[in-house]
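Asker: Quick one: structure below, then a few questions.
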């Protein structure tokens, strides 16, 4: 054996298809050969389940492969990589699949980020129970899956058990995200104990701007217990909406205690942005 081979971190694994309970057991055993040296990957795999290939790479490279959903059949891959950076190899292997790659800051001062997790997603699944640290980030995968992943994290951050500052930031981020699936969660936050959380939830609904968001703001305005400051903010947010709910509300004159003149949409948009900037 050459000195180079002796210095390689070598992993040769014979794996069978029943290694993961997510797959059928009737998979022909496959040979997977993985070598990593100085961040460069050598890989040989023939008719090997993708998740097992990723698992063997992760054992050496230091990341975890997670299956999300109920997989019926394994995807078999036959690949041969030589002296390929680990990150590039992982991207190539999962490029055509529903996946999310979670990165953590590298421990070495290179400015690069190391892979922390690879999530392989069954089509149509959303990993709502997965969490990642604030200093982690995710790579683009299937756009819909990544978006659902981000949304699930922000919704979790807005729950009442989170501290006030976390809820404030989550509501602001959901406003920037502008996903109508967040309306129900934001509507619940309209009754948060902290005014700053309520304000950001109102502003977020103003940015989402669909019929459901309009309805949530109108319900807040018609609630007799709503704080006057919240009513003013909700009126401004609702004025940004081009929805039938908003138009009907303003056409009827609303029913807030203060006289209402429809604000100019441009000036109100600036006011809303200024309020967000102050929170930043």
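Asker: Test each condition in (1) in a loop (DSSP other than H, G, I, E, B); (2) more than 23 Å from residue 157 (Cα to Cα); (3) in contact with a helix residue (DSSP H, G or I) (Cβ under 7 Å, 6 or more places away or on another chain); (4) modelled with pLDDT of 90 or more for residue 260 and report the one that comes out false.
Answerer: (4)
Asker: Need the failing condition index for residue 226 against (1) closer than 20 Å to residue 150 by Cβ; (2) outside any helix (DSSP H, G or I), just the number.
Answerer: If we test residue 226 against (1) closer than 20 Å to residue 150 by Cβ; (2) outside any helix (DSSP H, G or I), just (1) comes out false.
Asker: Still on this structure, I have one more. So which residues in the range 156-176 are within 20 Å of residue 210 (Cα to Cα) and surrounded by fewer than 19 Cβ atoms within 10 Å (Cβ to Cβ), if there are any at all?
Answerer: 173, 176
Asker: Now for a different question. Starting from residues that are out of contact with any helix residue (DSSP H, G or I) (no Cβ under 8 Å at 6 or more places or on another chain) and either touching a residue at least 12 places away in the same chain (Cβ under 8 Å) or not assigned by TED's automatic domain parsing to the domain that holds residue 103 (or both), keep the ones in the range 36-54 and report whichever is nearest to residue 118 (Cα to Cα).
Answerer: We begin by selecting, within the range 36-54, every residue out of contact with any helix residue (DSSP H, G or I) (no Cβ under 8 Å at 6 or more places or on another chain); these are 38, 42, 44, 46-48, 51.
Still in the list and also either touching a residue at least 12 places away in the same chain (Cβ under 8 Å) or not assigned by TED's automatic domain parsing to the domain that holds residue 103 (or both): 42, 44, 46-48, 51.
Details: 42: 19, 44: 20, 46: 21, 47: 20, 48: 17, 51: 10 Å.
The selected residue is 51.
Asker: Within the range 202-217, take every residue that is free of Cβ contacts under 8 Å to residues at least 40 places away in the same chain and crowded, with 20+ Cβ neighbours inside 10 Å and give me the one that is farthest from residue 158 (Cα to Cα). First the steps, then the outcome.
Answerer: First pass over the range 202-217, keeping only residues free of Cβ contacts under 8 Å to residues at least 40 places away in the same chain: 202, 204-205, 208-217.
Those still in the list that are crowded, with 20+ Cβ neighbours inside 10 Å too: 202, 204-205, 208, 213-214, 216-217.
On the way: 202: 13, 204: 12, 205: 14, 208: 16, 213: 17, 214: 20, 216: 17, 217: 18 Å.
It comes out as 214.
Asker: Here are 17, 69, 39: which of them is at pLDDT below 90 and surrounded by fewer than 16 Cβ atoms within 10 Å (Cβ to Cβ)? Walk me through it before giving the result.
Answerer: Values: 17 fails: surrounded by fewer than 16 Cβ atoms within 10 Å (Cβ to Cβ); 69 fails: surrounded by fewer than 16 Cβ atoms within 10 Å (Cβ to Cβ).
Criteria check complete, one pass: 39.
The values are calculated or read from the model by the stated rules, or taken from the named source; none is laboratory data. Here the structure is a predicted model, which is why all the values come from computation and not from measurement. Counting neighbours? That spans all protein chains shown, and the Cβs are built from the backbone with ideal geometry, glycine included.
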